[in-house]
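*Asks:* A single structure is presented below for examination.
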Amino acid sequence: AQSVTQLDSQVPVFEEAPVELRCNYSSSVSVYLFWYVQYPNQGLQLLLKYLSGSTLVKGINGFEAEFNKSQTSFHLRKPSVHISDTAEYFCAVSAPGGGKLIFGQGTELSVKP
Amino acid sequence: NAGVTQTPKFQVLKTGQSMTLQCAQDMNHEYMSWYRQDPGMGLRLIHYSVGAGITDQGEVPNGYNVSRSTTEDFPLRLLSAAPSQTSVYFCASSREGGAPDTQYFGPGTRLTVL
């Protein structure tokens, strides 16, 4: 079975500052990893995903994430955030052969002017 | 394409009432699923379907029923609503269940059970 832990429930940051949202996972098999974003009162949309290959994955809106197999982590980063990045971010895993996503608890990113 | 649509957007029920949350997608996706979102718990899988006529339970299936008679529709039925089912419900779809496809989410249904 897989599980996901997002290490921070809330991350406040000032506009134009860098940000890192942390995600650790647990699995006995290789997994696919995802980051989704949920803007206020909306559904989730995909930011980026890691399937295989290069461990640095680039996504939409300037976000990137690095897969670290030895540390079982998939942290999300952005070098300079905007007010519009204020949202809740979810890390998720799925096992090959199954489309079921297992989500972390979510991290609320709050960008202040 | 409208993507994934959900109705209603908001619903208030009394304990013991039943209702159906509607979900439809127009992308010809085989895989559809229902999640509930509760504060501090992320999204949890209720039921999913890998194609018309095939459904299976997720992590938290109790109190919910699903059926998949067409590729497009995947309704979620609450048999006898309880306050513990107060939540935001999301429907999602993807091209295939066995591949690492992007899941597309609907806008959600906010359900309150009194």
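Every number here is computed from the coordinates shown, using simple stated rules; none is lab data. These numbers were taken from a predicted model, which means no experiment stands behind them. Cβ atoms come from the backbone with ideal geometry, glycine included; neighbour counts cover every protein chain shown.
*Asks:* Could you give the distance between the Cα centres of region A:15-57 and region B:1-53, to the whole Å?
*Replies:* Comparing the Cα centres of region A:15-57 and region B:1-53, I get a distance of 22 Å.
*Asks:* For an R0 of 45 angstrom, estimate the FRET efficiency from the Cβ-Cβ distance between residue A:8 and residue B:96 and round to the nearest 0.05.
*Replies:* Plugging the Cβ-Cβ distance into 1/(1 + (r/R0)^6) gives 0.85.
*Asks:* What's the extension gain from residue B:112 to residue B:84 if we count 0.36 nm per residue and subtract their Cα-Cα distance?
*Replies:* Result for the pair: 9.2 nm of gain on full extension.
*Asks:* Between residue A:45 and residue A:60, 0.36 nm times their residue separation minus their Cα-Cα distance comes to what?
*Replies:* Working it through step by step, the gained length comes to 4.4 nm.
*Asks:* Another question about this same structure. Could you pull out the trypsin sites (Lys or Arg not before Pro) across region A:1-70 that fall in loop regions by DSSP (anything but H, G, I, E, B) with no more than 13 other Cβ atoms inside 10 Å?
*Replies:* Answer in residue order: A:69.
*Asks:* Quick check on the protein assembly as shown: of the DSSP beta bridges with both residues there, what percent are antiparallel, nearest 5%?
*Replies:* 90
*Asks:* Another question, then. At 7 Å along Cα-to-Cβ for each site, give me the label-to-label distance between residue B:52 and residue B:70 in nm.
*Replies:* In this crude spin-label approximation the distance works out to 0.9 nm.
*Asks:* If each residue's Cβ is checked for other Cβ atoms within 10 Å, how do A:82, B:47 rank with the fewest at the top?
*Replies:* A:82, B:47
*Asks:* Tell me the label-point distance for the pair residue A:27, residue B:28, using the 7 Å Cα-to-Cβ offset, in nm and rounded to one decimal.
*Replies:* A separation of 2.9 nm, rounded to one decimal place.
*Asks:* Going by how many other Cβ atoms sit within 10 Å of their own, how do B:9, A:100 line up, fewest first?
*Replies:* Listed from fewest to most nearby Cβ atoms, that is B:9, A:100.
*Asks:* List the lysines whose Cα lies under 22 Å from the Cα of residue A:100, skipping any in the same chain that are fewer than 8 positions away.
*Replies:* Once the sequence-local lysines are set aside, what remains near residue A:100 is A:49, A:69.
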